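Peer 1: Before anything else, here's the structure in question.
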Amino acid sequence: QDILLQINIGREESKGGFLTEELPALLPELGKFTNIRVQGLMAIPPICQDATKNDKFFQEIYRIGVDIREKKYDNVWVNILSMGMSDDYESAIRCGSTMIRVGTAIFGARDYTKTHQP
């Protein structure tokens with residue numbers, strides 16, 4: 001299975017993902033899992049009004065990806081950098097994103113006040 005590792009680049013408690021300091025111990029271990037291939041990294045930076053303020057987070061993910069590729073871990077390629085959403089995708093692309101998520105631009109804003117009962 002091809003997967004992306006989620007990186008909690010903004011160190012936000014409300015978001016999941018690995019912290020950057022966890023990667024040196026994690027990446028060598030991933031080689032033991034022969035049924036997965038880490039194809040890349042994904043990250044969602046903190047929400048901010050000026051999309052260019054996320055450049056530092058996007059640039060950090062890009063640098064991490066380059067570093068991982070140079071170290072040539074088993075089952076880890078990092079050909080994909082998934083960063084950037086409807087409000088900041090242009091900035092993310094400038095910083096090296098190869099995959100963006102633009103659901104809000106296509107489907108509109110979500111209403112988080114509704115509760116869904118099964």
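Peer 1: Counting only helical runs of four or more DSSP H residues, what would the 222 nm mean residue ellipticity of the chain come to if each run contributes -39,500 (n - 2.57) and the total is spread over all its residues? Let's see the in-between values first.
Peer 2: Values: 4 runs with 36 residues, N = 118.
When only DSSP H runs of four or more count, the value is -8500 deg cm²/dmol.
Peer 1: Straight-line reach only, C-alpha to C-alpha below 16 angstrom: list the aspartates and glutamates that K56 could link to, leaving out same-chain residues fewer than 8 apart.
Peer 2: E12, D87, D88, E90
Peer 1: Let me ask something else about it. Can you give the accessible area per residue of the chain, in Å², using a 1.4 Å probe?
Peer 2: Normalised by residue count, the accessible surface of the chain is 67 Å².
Peer 1: Right, next: Across the stretch 57-118, what fraction of all alpha-carbon pairs, as a whole percent, falls in each successive 5 Å bin from zero upward?
Peer 2: That works out to 4, 17, 19, 16, 13, 11, 9, 7, 3, 1, in percent per bin.
Peer 1: If Lys and Arg each add +1 and Asp and Glu each add -1, what is the summed charge of the other residues whose beta carbon sits under 15 Å from the beta carbon of L4?
Peer 2: Numbers: positive: K15, R37, R69, R101; negative: D2.
Around L4, the charge tally is +3.
Peer 1: (1) 12, 43, 35, 10, 0; (2) 13, 41, 30, 14, 2; (3) 13, 51, 34, 2: which one is P(r) over Cα pairs in 10 Å bins from 0, in percent as calculated from this entry?
Peer 2: (2)
Peer 1: Heavy atoms only, probe 1.4 Å: what % of the accessible area of the chain goes to carbon and sulfur, would you let me know?
Peer 2: On the way: 4220 of 7930 Å².
Percent of accessible area from carbon and sulfur atoms in the chain: 53.
Peer 1: Under the 0.36 nm per residue contour assumption, what length would be gained going from the current alpha-carbon distance of R110 and D55 to full extension?
Peer 2: Value of the extension gain: 17.3 nm.
The values are calculated or read from the model by the stated rules, or taken from the named source; none is laboratory data. This one's a predicted model, so the numbers in the text were calculated from it and none came from an experiment. Reconstructed Cβ throughout: ideal geometry from the backbone, glycine too, with neighbour counts over all protein chains shown. When the accessible area is computed, the model is the full protein with side chains, heavy atoms only, and any ligands, DNA or RNA have been set aside. Shrake-Rupley method; radii C 1.70, N 1.55, O 1.52, S 1.80 Å.
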